[in-house]
1. Just how many pairs of Lys in the chain have C-alpha atoms closer than 28 Å, counting pairs that are eight or more places apart or on different chains?
2. Among S20, S31, S51, whose mean-square fluctuation peaks in a Gaussian network model of the chain (Cα, cutoff 10 Å)?
3. First compute the accessible area of the chain with a 1.4 Å probe, then give the percent of it belonging to carbon and sulfur atoms.
4. Identify the chymotrypsin sites (Phe, Trp or Tyr not before Pro) of the stretch 3-67 meeting these criteria: DSSP loop state and at most 16 other C-beta atoms within 10 Å of the C-beta.
5. Report Rg(Cα)/(2.2 N^0.38 Å) for the chain, keeping two decimals.
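The values are calculated or read from the model by the stated rules, or taken from the named source; none is laboratory data. The shown structure was predicted, so the numbers you read here are calculated from the model rather than taken from an experiment. So basically every Cβ, Gly included, is an ideal-geometry build from the backbone, and we count neighbours across all protein chains shown. Remember, those area values only see protein heavy atoms, side chains included, never the ligands or the DNA or RNA. Shrake-Rupley method; radii C 1.70, N 1.55, O 1.52, S 1.80 Å.
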Amino acid sequence: MKNKVRRTVLMLLVAVILFSASMAIPALYHSKWKDLVQGAALGLTIAGIISIITLIIDYLRETKKGA
């Protein structure tokens, strides 16, 4: 469970960094690289959200078994 949380946090952190870089670096404006970087950030964000949902489901299953 601890590794899943670490993986989720790292995915979301990298997604935020990539998206921030695509917005802050002027050389990427009107470039195909900006689209690629933003797409990668979006993909990691979606993966992080799915990972959060699975963590919640796993947590609820564990608490249900314990009760």
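1. Values: K2/K64; K2/K65; K4/K64; K4/K65.
Counting lysine pairs in the chain gives 4.
2. Maximum fluctuation in the GNM of the chain, among the listed residues, is at S31.
3. Values: 3790 of 5240 Å².
Carbon-and-sulfur percentage of accessible area, whole number: 72.
4. Numbers: sites: F19, Y29, W33, Y59; in loops: Y29.
Qualifying residues, ordered by number: Y29.
5. Working: Rg = 16.1 Å, N = 67, 2.2 N^0.38 = 10.9 Å.
For the chain, the normalised Cα radius of gyration is 1.48.
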